[in-house]
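Trainee: Got a structure here, written out as structure tokens. Questions coming.
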Amino acid sequence: MKEEIKNFLFSQGAFAVGIADVRAFNLSYERAVSFCLRLDDSIIDSIGSTPTPEYADLYREINKKIDEISERLVNFLEEFGYQAKLIPASKILDEKKLLGELSHKAVARLAGIGWQGKNLLIINPNIGPRFRLGTVLTNAKIEPDSPIKNRCGRCTECTKACPAKAIKNVSTKDYYKDREEAIDLKKCYEKTLYFKSLDGIGATICGVCVKVCPWGRKKP
């Protein structure tokens with residue numbers, strides 16, 4: 001079943017797929033399927049000190065595509081007799097704390113999509129943070145994947161480039177127990193709120209740390 005799920009998502013355009021054991025989250029489901037869609041390098045590379053309208057459009061377009069693929073995966077799993085539930089790609093329930101129903105990043109880390117970087121984004125060894133995540137919960141008894149080793153090391157690129165000066169350059173071996181260890185969330189929120197007000201943006205996004213991450217600049 002695990003191979004069937006991964007092959008299905010790769011056929012839908014996913015760049016990476018993993019299975020996470022989410023029993024620690026106290027949900028109604030024991031497993032989660034995590035997948036990512038790659039962002040367009042030319043659009044990411046065009047970001048300066050602020051997000052561009054092209055990046056904002058890409059952000060919305062990719063989120064819509066992720067939700068469509070997630071819905072297809074739910075139907076795919078239900079055809080095999082399993083229960084499944086999708087988590088919307090970008091549905092913020094608490095905007096100030098930047099929290100949704102479930103952290104796509106927390107699931108992706110457990111699923112081995114990448115490690116948690118100093119900017120709190122998931123860093124894939126092949127494309128860095130240049131992707132958006134999708135998550136589907138399921139009761140299918142699938143063998144989970146494992147987290148991968150953090151490789152940020154002494155790199156300070158995202159810390160130096162952050163327009164909000166919110167990234168604290170604090171390393172972690174596996175993950176941050178509290179997001180405030182890594183980032184000043186108030187500064188981050190206020191800066192993305194400002195970006196949202198700019199012409200052609202309309203979303204609480206930034207993208208600067210996505211652009212500068214060395215792991216994303218290394219083309220697979």
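Trainee: Using modelled backbone amide H atoms (1.01 Å from N, in-plane), which distant-in-sequence or interchain residues come within less than 5 Å of Phe131's amide H?
Mentor: It is Leu39, by chain and number.
Trainee: While we're looking at this one, here's another question. Which cross-chain or sequence-distant (5 or more) residues have an amide H under 5 Å from the amide H of Ala16, H modelled 1.01 Å from N in plane?
Mentor: Close amide H contacts, sequence-distant or interchain: Cys36.
Trainee: Would you please give the FRET efficiency between Ser11 and Ala161, computed as 1/(1 + (r/R0)^6) with r the Cβ-Cβ distance and R0 = 45 Å, to the nearest 0.05?
Mentor: That pair, Ser11 with Ala161, gives E of 0.80.
Trainee: Let me ask another. Would you calculate a helix-derived [θ] at 222 nm for the chain, using -39,500 (n - 2.57) for each DSSP H run of n ≥ 4 and dividing by the full residue count, to the nearest 500?
Mentor: -10000 deg cm²/dmol
Trainee: Kindly state, to the nearest 0.05, the FRET efficiency for Asp45 paired with Ser146, given R0 = 30 Å and r defined as their beta-carbon distance.
Mentor: Using R0 = 30 Å, I get an efficiency of 0.40.
Trainee: Roughly how many Å² is the accessible area per residue of the chain, as a whole number, for a 1.4 Å probe?
Mentor: 50 Å²
Trainee: Another question about this same structure. Below 8 Å between Cα atoms, with a sequence gap of 6+, how large is the relative contact order for the chain in percent?
Mentor: 26 percent
Trainee: Now for a different question. Using the Kirkwood radius built from alpha carbon pairs, what does the Stokes-Einstein equation give as D for the chain at 37 °C and 0.692 mPa s, in µm² per second?
Mentor: Answer from the Stokes-Einstein relation: 186 µm²/s.
Trainee: Next question. So if each residue of separation counts as 0.36 nm, and I subtract the Cα-Cα distance between Glu180 and Leu198, what length gain in nm does that give?
Mentor: Additional length available on full extension: 3.8 nm.
Trainee: Once Lys and Arg get +1 and Asp and Glu get -1 on their Cβ, which of Leu37, Tyr176, Ser90 lies farthest toward the positive end of the dipole of the chain?
Mentor: Of the listed residues, the answer is Tyr176.
Trainee: Be a star and scan region 130-163 for residues whose amide nitrogen sits under 20 Å from the point 7 Å along the Cα-to-Cβ vector of Asp57.
Mentor: The answer is 131-132, whose backbone nitrogens lie closer than 20 Å to the label point.
Trainee: Hey, another quick one. Hey, what do the phi angles of region 43-52 turn into as Karplus ³J(HN,Hα) couplings, whole Hz, using 6.51/-1.76/1.60 and θ = phi - 60°, x for Gly and Pro?
Mentor: For region 43-52, the Karplus-derived couplings read 6, 5, 5, 7, 5, x, 8, 9, x, 9 Hz, x marking Gly and Pro.
Trainee: How high is the relative contact order of region 1-102, given as a whole-number percent (alpha carbon pairs under 8 Å, six or more residues apart)?
Mentor: RCO, region 1-102: 17 percent.
Trainee: List the residues whose amide H sits under 5 Å from the amide H of Arg31, counting only those 5 or more places along or on another chain, with H placed 1.01 Å from N in the peptide plane.
Mentor: Val22, Thr138
Trainee: At a 4.7 angstrom Cβ threshold, list every cysteine in the chain that has nobody to pair with, or say none.
Mentor: Cys36, Cys152, Cys155, Cys162, Cys188, Cys206, Cys213 - these cysteines have no disulfide-compatible partner (Cβ-Cβ under 4.7 Å) in the chain.
Trainee: In region 10-68, carbon and sulfur make up what percent of the accessible area (probe 1.4 Å)?
Mentor: The C+S portion of the solvent-accessible surface of region 10-68 is 46 percent.
Trainee: Another question, then. In the chain, if the dipole is taken from +1 on Lys/Arg beta carbons and -1 on Asp/Glu beta carbons about the Cα centre, which of Tyr194, Gly81, Cys162 is farthest to the positive end?
Mentor: The Cα lying farthest towards the positive end belongs to Cys162.
The values are calculated or read from the model by the stated rules, or taken from the named source; none is laboratory data. Just so it is clear, the model here is predicted, and its values are computed rather than measured. Don't worry about glycine lacking a Cβ; one is built from the backbone with ideal geometry, like all the others, and counts go over all protein chains shown. Keep in mind that these areas ignore ligands, DNA and RNA; they rest on the heavy atoms of the full protein, side chains included. Shrake-Rupley method; radii C 1.70, N 1.55, O 1.52, S 1.80 Å.
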